[in-house]
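Visitor: Input: one structure, supplied below.
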Amino acid sequence: KPGQRPISVKWVFKKKNEQDGTVRYKARVCVRGFVQVPGIDFHLTHSPVATEVSIRLVLAIALWKEDDGWDAEMLDIEAAFLEAKLDEDVFIEWPPGVTMLGFVPEEETKGKCLKLERAMYGAVQSPLAFWKECAAYLKSIGMVKSQADPCVWYLLKNNVTWLIVAMYVDDIVYTGTKDVREWFKGKIKERFNITDLGKI
């Protein structure tokens with residue numbers, strides 16, 4: 001597009017202390033989204049997330065149905081934004097260090113940039129792109145979106161609710177009987193890499 005330029009990127013490093021006492025070092029290339037130009041690099045950026053009221057309601061339903069074997073559990077989708085396809089053409093500069101470390105010959109990068117095929121951390125449209133990807137998948141496995149909150153989904157069998165799910169970006173809170181929770185967790189694992197955070 002006229003006026004479109006490649007967006008600069010930067011490395012973000014993180015030291016993470018795991019629950020088992022080990023230390024994990026993480027490195028992630030992030031887009032410097034604050035330099036993106038509205039109307040050229042992106043159009044819509046608003047991404048829905050489950051409201052506090054919705055999450056509390058899901059937890060209240062789990063407590064109310066506890067005698068029927070319902071429990072509330074939580075999942076985290078790993079590297080969530082990288083799972084989503086972008087609607088716009090977004091171009092980025094080469095990440096610093098790729099030529100210095102020998103991953104790409106320097107002559108290959110001269111006068112060239114990279115086109116993103118998927119959303120990336122830092123890009124302003126990434127949360128919305130991920131929400132669309134996740135919503136399409138939930139619909140494909142038979143879930144129904146709530147009319148009150150676009151981040152609350154439920155599963156009906158014979159007009160009875162068997163499972164309720166609330167999404168907050170890449171965190172998923174869900175409740176239902178054990179077999180339905182296991183079915184849901186298995187379906188999410190088929191599409192995304194997840195961390196099972198267990199019962200709430």
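The values are calculated or read from the model by the stated rules, or taken from the named source; none is laboratory data. The structure presented is a predicted model; accordingly, all values stated were derived computationally and were not measured. Quick reminder, even Gly has a Cβ in these numbers, built from the backbone with ideal geometry, and neighbours come from all protein chains shown. Note: accessible area is taken over every heavy atom of the protein model, side chains too, but ligands, DNA and RNA are not part of it. Shrake-Rupley method; radii C 1.70, N 1.55, O 1.52, S 1.80 Å.
Visitor: Read through the list (1) on the phi < 0 side of the Ramachandran plot; (2) buried (at least 16 other Cβ atoms within 10 Å of the Cβ); (3) assigned to a loop (DSSP other than H, G, I, E, B); (4) in contact with a strand residue (DSSP E or B) (Cβ under 8 Å, 6 or more places away or on another chain), then give the number of the only condition that Asp89 fails.
Guide: The single condition Asp89 does not satisfy is (2).
Visitor: Go through the residues of the stretch 45-67 one by one and say whether even a single one is exposed (fewer than 12 other Cβ atoms within 10 Å of the Cβ) and in contact with a Leu (Cβ under 9 Å, 6 or more places away or on another chain).
Guide: Within the stretch 45-67 (the criterion being exposed (fewer than 12 other Cβ atoms within 10 Å of the Cβ) and in contact with a Leu (Cβ under 9 Å, 6 or more places away or on another chain)), the answer is yes, since at least one residue qualifies.
Visitor: Any idea which residue in the stretch 68-86 is least open to solvent (accessible area, probe 1.4 Å), counting only those that are assigned to a helix (DSSP H, G or I) and closer than 18 Å to Val165 by Cα?
Guide: Here the residue is Ala80.
Visitor: Of everything in the stretch 99-113 that's open to solvent by less than 70 Å² (accessible area, probe 1.4 Å) and closer than 20 Å to Val35 by Cβ, which residue is modelled with the lowest pLDDT?
Guide: Taking the candidates together, the pick is Thr109.
Visitor: Within the stretch 135-147, identify whether any single residue is closer than 16 Å to Val58 by Cβ, open to solvent by 50 Å² or more (accessible area, probe 1.4 Å) and of a type outside the set (S, T, N, Q), and answer yes or no.
Guide: yes
Visitor: Looking only at the stretch 148-161, which residues are open to solvent by less than 40 Å² (accessible area, probe 1.4 Å), in contact with a Phe, Trp or Tyr (Cβ under 9 Å, 6 or more places away or on another chain) and part of a loop (DSSP other than H, G, I, E, B)?
Guide: Cys151
Visitor: Could you list all residues from the stretch 162-179 that are of a type in the set (A, V, I, L, M), at pLDDT 90 or above and open to solvent by 10 Å² or more (accessible area, probe 1.4 Å)?
Guide: Answer for the stretch 162-179, where residues must be of a type in the set (A, V, I, L, M), at pLDDT 90 or above and open to solvent by 10 Å² or more (accessible area, probe 1.4 Å): Ile164, Val173.
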